[in-house]
Amino acid sequence: MLDYIARRLLVMIPTLLIISVLVFVIIQLPPGDYLETMVAELQSQGEEVSQERIAFYREQYGLGEPMWKQFAVWFWGLLQGDMGYSFEYELPVSDVVGDRVFLTILVSFTTILFVYLVSFPIGVYSAVRQYSLGDYTLTFVGFIGLATPNFLLALILMYFANQWFGVSIGGLVDPELRDAPMSWEKLVNVLGHLWVPVIVIGTAGTAGMIRRLRANLLDELHKQYVVTAKAKGVPPGKLLRKYPLRMALNPFIADIGNLLPEIISGSAIVSVVLSLETTGPMLLGALQSQDMYLAGSFLMALALLTVVGNLLSDLALAALDPRIRLGAESAR
């Protein structure tokens, strides 16, 4: 196991290096750069920008350097824990993200708990009570959840909240506390707004997880070892917990690799629709304005969480399912 973990960690180094190169090149692919975007925006507003000012900004931001040199400066800073400088906000990236990282982690972690706590009992019930009225009802609701885009559900909830109750459910905090530093009052206010994005973001994930758990558990319940255990008189509850359910949990564990990156991405489209103060809208804005260091730092954080999440999910799967073996023994 230790050899396997060491090999995986060594593989992560070239993987992240290649990803960093691809991320930086892709951000630079659109024509122009942040400075040209800023100049075009100022000119569209009727402001004149002198060539001296453009040259000053280009030298200050290092945009006149070759791409390889810009990448080397950025990547060396990442290795030292420096995520770079945001051109748009004129602040270090670490200062720009601020409370947004905390709010994104709070929303994402709560959503993950919601998905697991709701989908697990429903998935087990649907498999054990196959073709019952409850199974048909939950399956129908699950299909609706899968078919409804998250941003559409957000718009529907916002519409009915305004029409029926006359309130706005957008945002994670009241306007008067939006720019205030994090405090107990602000945290309580955030928790009061948290249920809407959690339901919206978690609906599709919950529906999908229910379907996967139901299908996997049904597959296990029809295998020969379950029939044999029933014939030997093993109690149904003990049989379900000890064998089929344990094997059916593989998709729950395998999803760790996908769940960790969501802590940073924060379901960007839903965040834009609901005006959430998370990192998702900031990432989209950085990509649109070609704020390369801000966008690149976000994308590298997503890549790091993805490779770490995949490692953790593989280790957890090996611990959960004795049929899975890691390392050289699996090849023999």
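In the context of the full set of protein chains, the chain has a per residue accessible area of 56 Å² (1.4 Å probe). Per-residue ellipticity at 222 nm from helix content only, as computed over the chain with -39500 (n - 2.57) for each DSSP H run of at least four residues, stands at -23500 deg cm²/dmol.
Distance from the C-alpha centroid of segment 199-266 to that of segment 292-312: 28 Å, rounded to the whole angstrom. For the chain, the longest principal axis of the alpha carbon atoms and the long axis of helix 51-61 meet at an angle near 40°. Charge dipole of the chain (Cα centre as origin; +1 on each Lys and Arg Cβ, -1 on each Asp and Glu Cβ, all else neutral): 2760 debye, rounded to the nearest 20. Would you mind classifying the chain by shape? Square roots of the alpha carbon gyration tensor eigenvalues, ordered a ≥ b ≥ c; an a/c under 1.5 is rounded, otherwise it is prolate if a/b is larger than b/c and oblate if not. Judged from the Cα gyration tensor, the chain comes out oblate (a/c at least 1.5, b/c at or above a/b). Sort segment 72-231 into rounded, prolate or oblate with this rule: let a ≥ b ≥ c be the square roots of the eigenvalues of the Cα gyration tensor; rounded if a/c is under 1.5, and if a/c is not under 1.5, prolate when a/b is larger than b/c, oblate otherwise. Oblate is the answer for segment 72-231, as a/c is 1.5 or above yet b/c matches or exceeds a/b. Structure remark: mean-square fluctuation, Gaussian network model of the chain, C-alpha springs under 10 Å; the largest value among Ile13, Ile199, Ile112 belongs to Ile13. Highest mean packing comes first when the peptides 219-232, 75-88, 292-305 are listed by Cβ atoms within 10 Å, giving 292-305, 75-88, 219-232. Label positions at Ser44 and Gln28, each projected 7 Å from the Cα along the C-beta direction, are separated by 2.5 nm. Here the contact order of segment 5-119, divided by its residue count and restricted to Cα pairs under 8 Å and six or more residues apart, works out to 14 percent.
Counted by Cβ distance under 15 Å from Gly285, the other residues give a net charge of -4, where Lys and Arg count +1 and Asp and Glu count -1. Using only Cα atoms and rounding to the nearest 10 degrees, what angle (0 to 90) does helix 279-289 make with the longest principal axis of the chain? The answer is roughly 40 degrees. For segment 152-267, just say rounded, prolate or oblate: build the C-alpha gyration tensor, square-root its eigenvalues into a ≥ b ≥ c, call rounded for a/c under 1.5, and beyond that prolate if a/b exceeds b/c, oblate if not. Here segment 152-267 falls in the prolate category. Length gained on full extension, Ile105 to Asp174: 22.9 nm, using 0.36 nm per residue less the C-alpha separation.
The values are calculated or read from the model by the stated rules, or taken from the named source; none is laboratory data. None of the values given here were measured: they were computed from a predicted structure. All Cβ positions, even for glycine, are placed from backbone atoms using ideal geometry, and neighbour counts span all protein chains on display. With ligands, DNA and RNA removed, areas are computed over all heavy atoms of the protein, side chains included. Shrake-Rupley method; radii C 1.70, N 1.55, O 1.52, S 1.80 Å.
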